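Okay, so here's the structure we're looking at.
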Amino acid sequence: MARIWVYAETVEGKPKSVALELLTKARDLGEPEAVALGPGASAAVESLGKHGARVVYAHEDPAFRDVLASPAVDLLEKLVQKHGPDLLLFGMTYDSRDIASRLSARLGTALIANATDVGPGQGGGWAVVSPIFGGSTLVTTVPRTQGPPIVLVRPKAFAAQPLEGSAARVETLTDAVDTSRPAPRVLKREKEEAQGPRLDDAAVIVSGGRGLGSPENFKLVDDLAAQLGAAVGASRAVVDAGWKPYAFQVGQTGKTVKPTVYIAVGISGAMQHTVGMKGARTIIAINKDPEAPIFKLADLGVVGDLNRLVPQLTEELRKRKG
Amino acid sequence: MAINVVVCVKQIPDPSAPARLDPASKRLVREGVDLVLDPGDEHAVEAALQVAEGAGGEVTVVSMGPARAVDAIRRALSMGGARGIHVQDPALQNSDALSTARVLAAAVKGQPFDLIVCGQESTDGSTGAVPGQLAELLGLPLLSFARKLSVEEGKASIHRQTDEGYDVVEAPLPAVVTVTGGINDPRYPSLRGIMQSKNKEVRQLTLEAIGLSGKAGEKALTQEVVDLQPAQARKAGRVIEDKGEGAREIVDFLAELKVI
C-alpha cells in the first residue's frame, strides 16, 4: 500500500486545519503518515492520529520554529531516504511553500503547486489537479521523476473528518539539528488580528475592493460586516494599496474561503480574487460596472452606486433586527 | 560597502487580457497577446534598485525565455538596472520550475552579487517554487514573502508575511529574497531611462554556455501536463439594476438564505 506523508504544521501543539484535511484525503490514497516538527509536535500527535495518521514522526527542537525551512528540509531529506514514502503532501501555506520548494531541489523531484485534488494516475504514479486562470480551467499534471513527488495542496480543498478508533504511533526523533549554516532566523512575531469572526471559519464574509475608492470608504464594508456579524475580507488591489493589512486578503495569494454567503463590494472579480472565493455557497455582488466579471459568478448581482447602496443595506438590516 | 543585486524577472502574457491555453500543446498561447514584464517582478526590480541605490551598488537583471523576453529585461533596465543576462535556448521550451531554477542558478553563479531578489510567484503560473529552488541550488538562505526589506552590515532583514500579521526575519548575505506586491510602488521608467536602456549590455547565454546542455528544459522535465478541462462553471444568477430597491432585494435574499 502506498505510503502518503503529510507535512503537518502545528501552532502551539495544535495541527493547522490543512494538515487534518490532507490526512483525511491521504486515507483514500494509501496509508497516511505525518511529520510534525517544532515545539508542540508531540502534543499534536493525538489529533493527527484521530484524522488517520498511522505514524507521526515528531521532533520538538525549537529550531524548526525559529529558523525558516532549512532544518525541516535537512530532516525531511533524511526521513525520505530512510523510509521511502510514495507521495509528500504539503498545505499551500507560507512556511510549507518554502520547505517544499527547497526540498524538491534537494531531492530533484517534481513539485506541483496549487493542487485541489490528487489521485492515482493512469498506469501508476499520481495525477494532480490544479485550477488555473482563476479556477476557470483545471490542469492535470503527472510527476515524471524518481523519488516521491511533492504536492502543495490549497487549504479547504478537502474536508477534514476524524476516523473512528484511529490513533497514531509516535516516532520521537532526536536527530541533531544543524543551525550553524547561514539561515533566516525569526526575531519577532507581530499579530495584526482583525476584530470579529475569522475569515477562515466565518459563515458570512463581506469583502471590499478598489471600487470603494478610498481607504476611508472601507468603513462602509466594516459597518455592513459588523451588522451581519460577518468577517471582513479584501481584494489584493486594496491590500497592495495599503488600505487593509494582508491578513484580510482573499484570493490566490491570500486566503481561500468557503462561507455560506460571500458579499463582494466594489470587487471587479479578477481571477486573482475569484480563485479564493468561488467555493462560497452563495455569492452576492455589488458593483457599478454591469460588465464586471464578478456578475458571472454571483447568485445575486446588484448594479449600482455602492456609496448609496451599502449604507442603505446596513440600515435596512438594522431595522429588521429591530 | 557597495551591495550588488541580481533580480530575476519573467515575461508573461498581459495578465489584464484573458488567458488562453492551446489544447494541443497544453501551454499558454502567447501569439497575439501582448507580453509584459510580470507586474509582480516590477516590485522585485524596484526593491532591488532601492537596495543598490542606497548602498552604491548595481542591479543585474536575469531572465530565461525566448528571444522576445529581452523586452522584459529592457523594461527593467529602463527602470534603472545596469545590465542584463538573457538565457535563451530552443531546448528550454516548456521548462518547469526546477529546470528554470537550475538555469537561473547557473546564470548567476559567474556573477558577483550580495542579494538576489525575485517576485514571490509569477502572475501567470502562480507556482512560486523557483525562488526556493534557486536558493537551495545556490546554498543560500531564503527570505520569503517580504513586505519590507532592509539591507545593512552584511545582513538582510525583512517583514515576512504570515497569516496573522508578519514576522521580522533576518539572514546573513548573500541571500535570496522574494517580495510581495505590498512592498513598494514600482517607479515608471523615465524617458532618459528608456533611452539609456537601449545601450545597456544584455548578455545572451545558451544552455551550453552555462554548462547545462541536456540538464535543463525538455530533456529534464520533472512533470508533464496531461489534461486540461474547463472547470464546472458556477451558474450565474440574477443581476438587477439598483433603482432604489437594491438594498431591499439583498436583505430579502439574505433572509431567504436564513443568514439573518
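The values are calculated or read from the model by the stated rules, or taken from the named source; none is laboratory data. Everything quoted here is computed from the prediction, not taken from an experiment. In this analysis, Cβ positions are derived from the backbone assuming ideal geometry, glycine residues included, and neighbour counts consider all displayed protein chains. All accessible areas refer to the heavy atoms of the entire protein, side chains included, with ligands and DNA or RNA removed. Shrake-Rupley method; radii C 1.70, N 1.55, O 1.52, S 1.80 Å.
GNM on chain A, alpha-carbon springs under 10 angstrom: the most fluctuating residue among A:Arg181, A:Arg102, A:Arg210 is A:Arg181. Only the Cβ atoms of Lys and Arg (+1) and of Asp and Glu (-1) were treated as charged; on that basis the dipole of chain A about its Cα centre amounts to roughly 460 debye.
Direction-averaged shadow area of the convex hull around the Cα atoms of chain A, nm²? With every direction weighted equally, the projected area is 18.5 nm².
Which of the three applies to the stretch A:199-321, rounded, prolate or oblate, going by the alpha-carbon gyration tensor with a ≥ b ≥ c and a/c under 1.5 meaning rounded? Judged from the Cα gyration tensor, the stretch A:199-321 comes out rounded (a/c under 1.5). In plain terms, the C-alpha convex hull of the protein assembly as shown casts an average shadow of 27.0 nm² when viewed from every direction. Along the charge dipole of the protein assembly as shown, Cβ charges K/R +1 and D/E -1, which of A:Ile99, A:Ala231, A:Pro245 sits furthest on the positive end? The one lying farthest along the dipole's positive direction is A:Ala231.
Considering the stretch B:1-115, its Cα convex hull presents a mean projected area of 7.5 nm².
In terms of the Cα gyration tensor, with a ≥ b ≥ c the square roots of its eigenvalues, is the stretch B:5-220 rounded because a/c is under 1.5, prolate because a/b exceeds b/c, or oblate? Judged from the Cα gyration tensor, the stretch B:5-220 comes out rounded (a/c under 1.5).
Computed over protein heavy atoms with a 1.4 Å probe, the carbon and sulfur contribution to the accessible area of the stretch B:139-243 reaches 48%. Other residues lying with their Cβ under 12 Å from the Cβ of B:Ile3 contribute a combined charge of -4, Lys and Arg counting +1, Asp and Glu -1. Between the alpha-carbon centres of the stretch A:171-205 and the stretch B:32-71 there is a gap of 31 Å. Averaged over peptide A:287-300, the number of partner chain Cβ atoms lying within 10 Å of each residue's Cβ comes to 3. Only one residue of B:Gln232, B:His159, B:Gln93 has its Cα farthest out toward the positive end of the dipole of chain B, where Lys and Arg carry +1 and Asp and Glu -1 on Cβ, and that residue is B:Gln93.
Per residue of A:228-235, other chain Cβ atoms within 10 Å of the residue Cβ number 1 on average. Using a Gaussian network model of chain A in which every pair of alpha carbons under 10 angstrom is joined by a spring, one finds that among A:Pro290, A:Pro155, A:Pro39 the greatest mean-square fluctuation is at A:Pro290. Magnitude of the charge dipole for the stretch A:199-321, about its Cα centre and with charges confined to Cβ atoms of Lys, Arg (+1) and Asp, Glu (-1), is about 200 debye.
Each of A:Ala44, A:Tyr57, A:Val73 was scored by the projection of its Cα onto the charge dipole of the stretch A:16-89, and the greatest displacement toward the positive side belongs to A:Ala44; charges sit on the C-beta of Lys, Arg, Asp and Glu. Solvent exposure of the stretch B:1-154, expressed per residue, is 37 Å² of accessible area, with all protein chains present and a 1.4 angstrom probe. In chain A, helices alone account for a calculated mean residue ellipticity at 222 nm of -7500 deg cm²/dmol, with every DSSP H run of four or more residues adding -39,500 (n - 2.57).
Whole Å is fine, so just give me how far the alpha carbon centre of the stretch A:60-122 lies from that of the stretch A:263-322. The stretch A:60-122 and the stretch A:263-322 have Cα centres spaced 38 Å from each other. Given the pairs A:Lys25/A:Lys78; A:Lys188/A:Lys258; A:Lys25/A:Lys191; A:Lys288/B:Lys243; A:Lys219/A:Lys321; A:Lys25/B:Lys219, which are separated by over 22 angstrom at their Cα positions? As for pairs spanning more than 22 Å Cα to Cα, those are A:Lys25/A:Lys78; A:Lys188/A:Lys258; A:Lys25/A:Lys191; A:Lys25/B:Lys219. The contact between chain A and chain B removes approximately 6700 Å² from the accessible area (both sides summed; 1.4 Å probe; ligands, DNA and RNA excluded).
Here the stretch B:38-77 is treated with +1 on each Lys and Arg Cβ and -1 on each Asp and Glu Cβ, and its dipole about the Cα centre works out to around 180 debye.
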